[in-house]
Amino acid sequence: MTRAFPSPLRRLLTGHDARSVIYMGWSALKNGDLIARAEAEGFDIMVTADQSMRYQQNMSERRLALAVLDTNFWPAIRANHQQILEAVETCAAGGYIEVAIRQSSVHWFQLPRLEC
């Protein structure tokens, strides 16, 4: 998972050894170096919300698959984590998959205004 990704998603990807970039100590790596390092460490897929990564990297020569979410908004991800899990399980090596999170399933509410 990339830097701007909610790390609690790791726990929702049951059956997979998911680790965040921060957990791995790779926060300083840029996209190309990050992908190369993840491949070297034996990772199969990278989950990211970085929409531009697809255009910045040539994934056709990579072993690492890339799953790109349309949001990094945690309530939407949590509500639709099963979609992400399915993408992780079906994306082949060197593949690319876009996961459209249905934000309409997230219930928005307004907090009451507090007077100070």
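The values are calculated or read from the model by the stated rules, or taken from the named source; none is laboratory data. Just so it is clear, the model here is predicted, and its values are computed rather than measured. Virtual Cβ from ideal backbone geometry, glycine too; neighbours counted across all protein chains shown.
Applying the criterion of being touching a helix residue (DSSP H, G or I) at 6+ places or on another chain (Cβ under 7 Å) and part of a helix (DSSP H, G or I) to the residues of the stretch 35-65, the residue that is surrounded by the fewest Cβ atoms within 10 Å (Cβ to Cβ) is GLN56. For the criterion of being of a type in the set (A, V, I, L, M, F, W, C), at pLDDT below 85 and under 15 Å from the mean Cα position of the chain (by Cα), MET1 passes.
Scanning the stretch 28-62 for residues that are out of contact with any Leu (no Cβ under 8 Å at 6 or more places or on another chain) and at pLDDT 90 or above yields ALA28, LEU29, ASP33, LEU34, ALA36, ALA40, GLU41, GLY42.
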